[in-house]
Every structure is written in structure tokens, then in C-alpha cells.
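Working notes for the structure below.
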Amino acid sequence: MMEKIKNIDEFLNQDKIAVVGASTDRDKFGNKVFRKLQDQGLTVYPVNPSASSVEGAKSYPSLKDLPEKVDGIVLVVPPSVTEKIVQEALEMGIDRIWMQPGAESEEAVKLCQEKGICYIARECIMVKMNTRNR
């Protein structure tokens, strides 16, 4: 339990985050998470291969297309996509990954554990941000 709290605190103290699965639809969690992180004053990059922009911010088709390395990623995608993105993040040296509820997969969690990286699964980032002060 303490490890999970430490990982959550570590993740929420970052400055540059990519939201993989950021959506142009304001009713979808990919959009809500993106806006919430922006409202916290963070540098947030939307990653969505189907969108040119999200909430006025340029969207990127993949992590490899981002203009700079991010501190961590939030995944708001199906579990099968999560597994591919976690692998890509590890190859890029991104070592903080938040899998929103519904995005986590046992394979992705196992990969994070094997590589010893900071990951959060089965927790909503928006709930955790609401319970702390930045």
C-alpha cells in the first residue's frame, strides 16, 4: 500500500505529461483527464493518431512524435493498446505510467513490474488529483 501511495505522489509531482487516448469529445475521459491536467498548470501533450488537436493543443500520433520527452504518461485506451504503448514508453525511457481504470492489462502491469518502473493501475488520476493540493 505504501508503495502505491509513493507511486501516486511521484506521478502527480511531474511537470510534463502525455495523455495517450486524449479525445476531442469533451464527454470522454480522455478529454476530461487532459483538461484536468492542464488546469493543474502542467505541460500536457495529447496523443491521438486520429486527432490533429485536442482542446486547442496540437495532438501527436504517438509518443515518438512528441516535441520533447515527457516525465510520464496517462493511458486512456483499451488494454490491448496499453500493452503496445507501455512497451513504446519503456523503449523511450519513460518510466512513469498511469493506467486509468479500464486501460490496464495484466501484461502491461507485469511488464512495468519486471522493469521496475513507477506505475499506477486501478486508480483514477482525476480522483487522486482532487484529494491533494499541488
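Given the criteria under 11 Å from the mean Cα position of the chain (by Cα) and surrounded by fewer than 21 Cβ atoms within 10 Å (Cβ to Cβ), does LYS16 qualify?
Details: under 11 Å from the mean Cα position of the chain (by Cα): yes; surrounded by fewer than 21 Cβ atoms within 10 Å (Cβ to Cβ): yes.
Considered against the rule, which asks whether it is under 11 Å from the mean Cα position of the chain (by Cα) and surrounded by fewer than 21 Cβ atoms within 10 Å (Cβ to Cβ), LYS16 comes out as yes.
Considering only region 1-36, state which residues are of a type in the set (A, V, I, L, M) and at pLDDT 95 or above. Break it down into steps so the answer makes sense when it comes.
Initial filter on region 1-36 (of a type in the set (A, V, I, L, M)): 1-2, 5, 8, 12, 17-20, 22, 33.
Hits for region 1-36 are ILE17, ALA18, VAL19, VAL20, ALA22, VAL33.
Pick from GLU88, GLU83, GLU10: which is surrounded by fewer than 17 Cβ atoms within 10 Å (Cβ to Cβ) and in contact with a helix residue (DSSP H, G or I) (Cβ under 6 Å, 6 or more places away or on another chain)? Show your work before the answer.
On the way: GLU83 fails: surrounded by fewer than 17 Cβ atoms within 10 Å (Cβ to Cβ); GLU10 fails: in contact with a helix residue (DSSP H, G or I) (Cβ under 6 Å, 6 or more places away or on another chain).
The match here is GLU88.
The values are calculated or read from the model by the stated rules, or taken from the named source; none is laboratory data. Keep in mind it's a predicted model, so treat the numbers as computed, not measured. Glycine also receives a Cβ, built like all others from the backbone with ideal geometry; neighbour counts cover every protein chain displayed.
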